[in-house]
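Peer 1: Let me give you the structure first, and then I'll get to my questions.
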Amino acid sequence: VIRTRLTPLPHVMFIFRCAAVALGLLFTWSFRYAMTSDGICYLDLADAFLRGHWKSAISTAWSPLYPWLLSVGFALFKPSPAWEFQAAHLVNFAVYLGALLSFEYLLAALRERRLQQAQALAQSGSTVLPEPAWAALSYMAFLYGILSVITLAMITPDLCVAGVVFLAAGLLVRIQNGDIRMRTFVLLGGVLGLGYFAKTFMLILGFVFLGVAAAVARPRKQALP
């Protein structure tokens, strides 16, 4: 019974995913003309990447990952100056889709954790939240955080950071679930390094993630190296 209640309905998950994509596209279209002073700086850095002006593109004040992604989008779409804002928001939408995939990776890891704990919960008499309800609450939290708190109106690397945090959190849950293979830890380090190139504060947060990974990994002697 517990296993049945924790088995997700594929069409329900598909509906949640489609709703998240549709809402992201709607918000992107609504804010296609929105721009801030920081966004203009990132557009300038993207132009510097395209032209090979490395002294201007590599800055101590601005992290390089997001303007590099914008430059890739500009290289693909080749927008005129009149369409640069819209092209930037289209790149932002692509980053949003990447953050959604990272979030679903985290959900998959959390679901494995739920399945591991289902039997113990059943024996203790605890009620297990049905999978569709759990998935719905999870996607609602994602949409609120991305569309309301971060928002798609801003041309900033915050969406990149969100995707990195979701992916790193998913790796932490997998480590807690018993996945202590070397490639899992290498991937975690690579993701945290990518986060540093998105925003510098991820350097400090990266040590927090590494500390948590060391704390939850079992057996610790095998995982610590």
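Peer 1: Could you pull the accessible area for I40 with a 1.4 Å probe, rounded to 10 Å²?
Peer 2: The value for I40 is about 70 Å².
Peer 1: Under 22 Å Cα-Cα from K55, which lysines qualify once same-chain neighbours fewer than 8 residues away are excluded?
Peer 2: Those lysines meeting the cut-off are K199.
Peer 1: Another question, if that's okay. If you rank L192, L205 by how much accessible surface each has, with a 1.4 Å probe, what is the order from largest down?
Peer 2: Reading off the accessible areas and sorting them downward yields L205, L192.
Peer 1: Relative to the longest principal Cα axis of the chain, at what angle does helix 202-216 sit, 0 to 90 degrees, rounded to 10?
Peer 2: That works out to roughly 10 degrees.
Peer 1: Moving on. Based on DSSP H runs of at least 4 residues, each adding -39500 (n - 2.57), what is the mean residue ellipticity at 222 nm of the chain after dividing by all its residues, to the nearest 500 deg cm²/dmol?
Peer 2: -24500 deg cm²/dmol
Peer 1: Looking only at A75, A198, A99, which one moves most when the chain is put into a Gaussian network model with springs between Cα atoms under 10 Å?
Peer 2: It is A75.
Peer 1: About the Cα centre of segment 1-134, how large is the charge dipole given +1 on each Lys and Arg Cβ and -1 on each Asp and Glu Cβ? Please answer in debye to the nearest 20.
Peer 2: 380
Peer 1: Give the residues of segment 33-64 whose amide nitrogen is closer than 19 Å to a point set 7 Å from the Cα of T151 in the direction of its Cβ.
Peer 2: 33-43
Peer 1: Summarise the accessible area of the chain (1.4 Å probe, protein heavy atoms) by the percent that is carbon and sulfur. Let's see the in-between values first.
Peer 2: Numbers: 8620 of 12410 Å².
Carbon plus sulfur share of accessible area: 69 percent.
Peer 1: Given a Förster radius of 25 Å and the C-beta distance between R114 and L23 as r, what FRET efficiency does 1/(1 + (r/R0)^6) yield to the nearest 0.05?
Peer 2: 0.45
Peer 1: With each label point set 7 Å from Cα along the Cα-Cβ vector, what nm distance links A82 and I204?
Peer 2: 4.6
Peer 1: Another question, if that's okay. Work the Kirkwood hydrodynamic radius out for the chain: mean of 1/r over every pair of different alpha-carbon atoms, inverted, in Å.
Peer 2: That comes to 19.3 Å for the chain.
Peer 1: If you take the charge dipole of the chain about its Cα centre, with +1 on Lys and Arg Cβ and -1 on Asp and Glu Cβ, which of G24, Y105, C160 is farthest toward its positive end?
Peer 2: About the Cα centre, the residue reaching furthest to the positive side is Y105.
Peer 1: Report the calculated FRET efficiency for A75 and R181 (r = Cβ-Cβ distance, R0 = 35 Å), to the nearest 0.05.
Peer 2: 0.45
Peer 1: When the scattering of segment 1-102 is computed by the Debye formula from its Cα atoms alone, each counted once and equally, what is log10 I(q)/I(0) at q = 0.14, 0.25 Å⁻¹?
Peer 2: Here the Debye-derived log intensity ratios amount to -0.62, -1.33.
The values are calculated or read from the model by the stated rules, or taken from the named source; none is laboratory data. Because the structure is predicted, anything quoted here is derived from the model rather than measured. Note that each Cβ is placed from the backbone with ideal geometry, even for glycine, and that neighbours are counted across all protein chains shown. To get the accessible areas, we keep the full protein, side chains included, count just its heavy atoms, and leave off ligands, DNA and RNA. Shrake-Rupley method; radii C 1.70, N 1.55, O 1.52, S 1.80 Å.
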